[in-house]
Amino acid sequence: MKMKPMRVLFVCGQNRARSQMAEAWLRKIGGGAFIAESAGLEPGEGVHPLAVAVMAEEGIDISDNDVNGVEEFFLQGRRYDVVIAVCDAAKAGRCPVFPGAGERLHWPFDDPATLEGTEEEKMAATRRIRDEIRRAVEVFVAERRS
């Protein structure tokens with residue numbers, strides 16, 4: 001009997017970087033065992049250029065992804081097995097409780113939108129964040145498959 005895919009929602013402040021990267025990694029690494037979506041508490045305008053650039057380096061195009069609002073998903077009655085906040089603790093505490101969400105996780109990552117420094121320093125920091133998110137997704141997938 002085939003198991004139905006696990007529905008996972010990644011949430012961050014604006015759905016412009018961290019949650020977009022996490023969704024893309026789960027789609028790539030998790031294959032058909034997961035349905036990944038992402039949303040923001042206060043959706044921003046378009047996916048952040050730094051996130052687009054560092055994911056493109058990995059062969060993943062997120063440039064045309066929609067920026068979604070968590071409230072919209074909640075009001076639509078969407079259901080998730082796992083909701084993962086990838087923002088700071090203050091924002092994570094504002095995530096709504098989705099009906100049927102069996103598990104809430106918090107993976108705090110730095111926000112590429114708040115990085116300071118030269119463009120190269122920002123790119124290097126965003127690569128670090130991308131790689132941290134990838135490692136977290138790899139562990140998540142491995143734990144769910146065992």
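Only the coordinates and a few stated rules stand behind these numbers; no lab work does. Since we're looking at a predicted model, the values are computed, not measured. For neighbour counting, all protein chains shown are included, and Cβ atoms are generated from backbone atoms with ideal geometry for every residue, glycine included.
Details
- Selection from VAL82, TRP107, PRO49 lying farthest towards where the dipole of region 7-140 points positive, charges on Cβ: VAL82
- Relative contact order (%) - criterion: Cα under 8 Å, at least six apart; region: region 7-140: 29 percent
- Point-charge dipole on Cβ atoms (K/R +1, D/E -1) for the chain, about Cα centre, debye to 20: 840 debye
- Taking amide H as placed 1.01 Å from N in the peptide plane, ILE35 has its amide H under 5 Å from the amide H of MET6, ARG7, VAL8, each at least 5 places away in sequence or on another chain.
- The long axis of helix 18-30 is offset from the longest Cα principal axis of the chain by roughly 60 degrees.
- Here the Karplus relation 6.51 cos²θ - 1.76 cosθ + 1.60, evaluated at θ = phi - 60°, turns the backbone of region 41-54 into coupling constants of 5, 9, x, x, 9, x, 5, 4, x, 5, 5, 4, 5, 6 Hz, with x for every Gly and Pro.
- Considering all C-alpha pairs of the chain, those separated by over 28 Å amount to 13%.
- Distant-in-sequence amide H partners of ASN68 (H built 1.01 Å from N, under 5 Å): GLY40
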